[in-house]
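Bear in mind these aren't lab numbers, they're just calculated from the coordinates by the rules spelled out. These numbers come from a predicted model, not from an experiment. When we count neighbours, we look across all protein chains shown, and the Cβ atoms used for this are built from the backbone with ideal geometry, even at glycine.
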Amino acid sequence: SAVISQKPSRDICQRGTSLTIQCQVDSQVTMMFWYRQQPGQSLTLIATANQGSEATYESGFVIDKFPISRPNLTFSTLTVSNMSPEDSSIYLCSVRQDANTGELFFGEGSRLTVL
Amino acid sequence: EDQVTQSPEALRLQEGESSSLNCSYTVSGLRGLFWYRQDPGKGPEFLFTLYSAGEEKEKERLKATLTKKESFLHITAPKPEDSATYLCAVQANSETSYDKVIFGPGTSLSVIP
C-alpha cells in the first residue's frame, strides 16, 4: 500500500490564524481525500482533492474555510483558515490506489489544537 | 440518506474471550463495506473489504462477515494487542454518493490481560 506522510503531525494555533497541512504520497494516486476526526468521533469527509481542478466539498464544508490544492498526483495541501477552537481536530489525508475499489489508505493525521 | 451505525460503542473483553462487533448500514446500493482498525494517535489501518451478502474474510484472529443489512467483525481469542477502535465504512452505489466512503462511529475495544 502507499506510504502517506503528513506534516505537521501536530500543532497548537491561535484563534484567527490559518494553518496549511501537507500530504505527500510515495506513488501517484488518482484520488485523494481529506477527512476530519473531531475528539472522540468518527471520520467526516471534508472534500475530494482533484488533480488539476477545484476540490469537491461535502455539505457543511466550504472552500473559503478549507482551501485545498492538488498540484500533482502525489501531493495535496489542506488549509484551515481563520481558525476557532471548534476547528480543533485531527485532519487526515487518505488515498485510493485502485479506482475500482473503495479501499482507502490513510496518513498518520495532523492533530490541531486551537486556543 | 446513507448511514452507518456500530454497536457496542465500547467493549471490554478478557484475553481469550471471543466476541463480535456489529455494523449496520443503510445505503441505496452497496458497492463495498470496509473494516478499519485505528490505534490512538494514528490514522485508520485498512483490514477488510466485503462486497456481497454471504462473503467472509479472515485475518489472524479477525473474521468479517456481511449480510444485506449488517456486517460483523468476529474476534476469536483476542489478545491485548487487539485493543483499538474498529471502524466500519461503506461505499454507496449511487449517483449522489459517487466515490464517497461513509464511516461509522466505531467500537472501542479493550482486551484485558
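For the stretch A:10-108, what relative contact order do you get, as a whole percent, if you take Cα pairs closer than 8 Å and at least 6 residues apart?
Once divided by the residue count of the stretch A:10-108, the mean separation gives 35 percent.
Rounding to the nearest 20 debye, state how big the charge dipole of the protein assembly as shown is about its Cα centre with +1 on each Lys and Arg Cβ and -1 on each Asp and Glu Cβ.
220
Within chain B, what's the longest stretch lacking trypsin sites (Lys or Arg not before Pro) that sit in DSSP loops with no more than 11 other Cβ atoms inside 10 Å?
Answer - B:1-67.
If contacts are Cα pairs under 8 angstrom and at least 6 residues apart, what is the relative contact order of chain B in percent?
Result for chain B is 37 percent.
Explain nothing, just compute: Karplus ³J(HN,Hα) = 6.51 cos²θ - 1.76 cosθ + 1.60, θ = phi - 60°, for every residue of the stretch A:94-107 in order, whole Hz, x for Gly and Pro.
Per-residue couplings from phi come out as 9, 9, 10, 7, 10, 5, 8, 10, x, 5, 10, 10, 10, x Hz.
Run through the stretch B:14-85 and list the GluC sites (Glu not before Pro) located in a DSSP loop whose Cβ has at most 10 other Cβ atoms within 10 Å.
Answer by residue number: B:60.
Dipole of the protein assembly as shown (Lys/Arg Cβ +1, Asp/Glu Cβ -1, origin at the Cα centre): which of A:1, A:115, B:103 lies farthest to the positive side?
Farthest towards the positive pole: A:115.
Check which residues have an amide H placed less than 5 Å from residue A:88's amide H, if you skip close sequence neighbours.
Hits under the 5 Å cutoff: A:114.
Given R₀ = 30 Å, FRET efficiency for residue B:12-residue A:113 by Cβ-Cβ distance, to 0.05?
0.55
Output wanted: per-residue J couplings in Hz (rounded whole) for the stretch A:61-77, from phi through Karplus 6.51 cos²θ - 1.76 cosθ + 1.60, θ = phi - 60°, x for Gly and Pro.
My calculation for the stretch A:61-77 gives 10, 10, 5, 5, 8, 10, x, 10, 10, 8, x, 8, 7, 10, 9, 8, 10 Hz in order.
If you find the alpha carbon centre of the stretch A:12-41 and of the stretch B:2-33, how far apart are they in angstrom?
26
Find the lysine pairs in chain B meeting two conditions, Cα atoms under 28 Å apart and a separation of 8 or more places or different chains, and report how many there are.
Lysine pairs, 8 or more places apart or on different chains, close enough: 17.
Within the stretch A:22-96, which chymotrypsin sites (Phe, Trp or Tyr not before Pro) sit in a loop by DSSP and count at most 15 neighbouring Cβ atoms inside 10 Å?
When the chymotrypsin sites (Phe, Trp or Tyr not before Pro) of the stretch A:22-96 are filtered for loop state and at most 15 Cβ neighbours within 10 Å, nothing remains.
Taking the DSSP beta bridges in chain A as the whole, what percent of them are antiparallel, to the nearest 5?
90
Nothing charged except the Cβ atoms of Lys and Arg (+1) and of Asp and Glu (-1): what's the magnitude of the dipole of chain A about its Cα centre? Round to the nearest 20 debye.
Dipole of chain A, to the nearest 20 debye: 220 debye.
How many Cβ atoms of partner chains, on average, are near each residue of B:41-52 if near means within 10 Å of its Cβ?
4
Pop a pseudo-label 7 angstrom from the Cα along the beta-carbon direction at both residue A:2 and residue B:5 and give the gap in nm to one decimal.
3.4
Under a Cβ-Cβ limit of 4.7 Å, which cysteines in the protein assembly as shown have nobody to pair with?
If one checks each Cβ against the other cysteines of the protein assembly as shown, A:13 turn up with nothing under 4.7 Å.
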